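Structure record follows, encoded as structure tokens.
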Amino acid sequence: MAASKMVMASLTHFRPLTCAAAASSSGCYPGRLVAQPHDLVKWVRRQGGFVHHGLKIGEDSSHGLGLLASEEIPKGSELISLPQHIPLRFGSLESDEIHSVLVDLAQKVPEELWAMKLGLKLLQERAKVGSFWWPYISNLPEAYSVPIFFPGEDIKNLQYAPLLYQVNKRCRFLLDFEQEVRRALENLKLIDHPFGGLDVDASSLGWAMSAVSSRAFRLHGKKLPDGTSEDDPMMLPLIDMCNHSFEPNARIVQEQGVDNTKMLVKVVAETAIKQNDPLAINYGNLNNDFFLLDYGFVIPSNPYDCIELRYDGALLDAASMAAGVSSPNFSAPSPWQQRFLSQLGLEGEASNLKVSLGGPELVEGRLLAALRVLLASDVTEVEKHDLKTLKSLSAEAPLGVANEVAAFRTMIALCVIALGHFPTKIMEDESLLKKGVSSSTELAIQFRIQKKSVIIDVMKNLTRRVKLLSQKETVTSQN
């Protein structure tokens, strides 16, 4: 998506909303919105928040700018506490009336792109001279490394159709929403303009949506006095500088204030934190699609990463025949098999044909059950088991060893077909990375390497299972 270069905002004067298209191609971490932003730690303390004296904002070699421990911090220590008025929500303060134009625009944002709703509020506060949140906003990155800001060639470099679809969908939304915003603003007087008369284009909307998607939290709890609830997305100043880890050293908690009914959002040390260690919380057990789309990074060997496939009878027939499985009938199931497919949500009007390989399940239960059922010939044998058993990988060969081996071999062949859809091999990708590429190209290559690795790991795991089953079958037949 084309975007003009960031014009650094003044602390007291006109603040353009133009945005840098992406992080620097040199591989350096992007700078903050202004050259000399406010001291965020002092601002949080000044507003009644708490920040542990052993915390500082600094550069970490592997994570970029974030929160670091300047000394050893014991487990259980309170690290940060934000009173209710500091988080930035769509309706943040009791006295804060949401501009009617923003309310109307927010209603046109689809739920799956919820970050754009809060992004409108963020842009309004960014444009407003004297905004309460300016000390926080001035510390936000000037650019984000999410794929909507990738050059067109690097979007193609992702090589993975489900993610390409999501990136293109978001880009189309931003271009269309830009026109919605322009129509909503075109006849407004300056005094009624929610952005102070400043131009809002697809680039600035993309910046705001990326800022929110990469930093906002959805916390859960009671209704708040200002009418919002704690499961509304909110931006948590300073807390959102914690990095991600599946083995975090800190966690977010919510507590009721001692002297009032307002909620406090806190970060507490989950483990003892060593000096110079970055603060890390768990953003969620997400696959790399979400991490790249919303946060702009890829996690190597992500245990929750998976690949998305479409359940297709003809494709499974081809995979089954390639695997040497006799008489596959995936594309022409019998009536009783259709009944099971319908129960699995893989046939009928309410069907969901998206299935996955990889992640904690290794094979999505619905796909495994479908393969077991469609490779079975005896309905009475299948009906002895409930769907939970048929979907479980830990339920070893519920329909017999021959059926299980055929199902696994079909999935292995399906993995080979899926791997063949990538135009490059992992060794070629790794060779490209060694030559040195732009930061967006590097992210795209890292992403597709991890997707291919998921497929290969599934193949290796299923191949081991086939060997073990075959060995057991041999021993059983000899006895």
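The values are calculated or read from the model by the stated rules, or taken from the named source; none is laboratory data. From a predicted model like this one, the values you see are computed outputs, not experimental measurements. Reconstructed Cβ throughout: ideal geometry from the backbone, glycine too, with neighbour counts over all protein chains shown. The protein model used for the area step is the full one, side chains on, heavy atoms only, and it has no ligands, DNA or RNA in it. Shrake-Rupley method; radii C 1.70, N 1.55, O 1.52, S 1.80 Å.
For segment 415-449, the set of residues classified as assigned to a helix (DSSP H, G or I), among the polar types (S, T, N, Q) and under 23 Å from Gly358 (Cα atoms) consists of Gln446 only. Listed by first and then second residue, the pairs with beta-carbon distance under 7 Å, at least 6 apart or on different chains, first residue in segment 202-222 and at pLDDT below 95, second crowded, with 24+ Cβ neighbours inside 10 Å and in a helix (DSSP H, G or I), are Ala216/Leu118.
For segment 431-440, the count of residues that are more than 27 Å from Glu153 (Cα to Cα) and of a type in the set (D, E, K, R) is zero. Residues of segment 177-191 that are surrounded by fewer than 12 Cβ atoms within 10 Å (Cβ to Cβ) and in a helix (DSSP H, G or I): Gln179, Arg183, Leu190, Ile191.
The set of residues in segment 365-382 that are in a loop (DSSP other than H, G, I, E, B) and either without any contact (Cβ under 8 Å) to a residue 24 or more places away in the chain or open to solvent by less than 30 Å² (accessible area, probe 1.4 Å) (or both) comprises Ala376, Ser377, Asp378.
Looking at Pro147, Pro135, just one residue is modelled with pLDDT of 95 or more, open to solvent by 10 Å² or more (accessible area, probe 1.4 Å) and not hydrophobic (A, V, I, L, M, F, W, C), and that residue is Pro135. Filtering segment 299-324 to residues that are open to solvent by 20 Å² or more (accessible area, probe 1.4 Å) and aliphatic (A, V, I, L, M) leaves Ile299, Leu309, Ala314, Leu315, Ala318, Met321, Ala322, Ala323.
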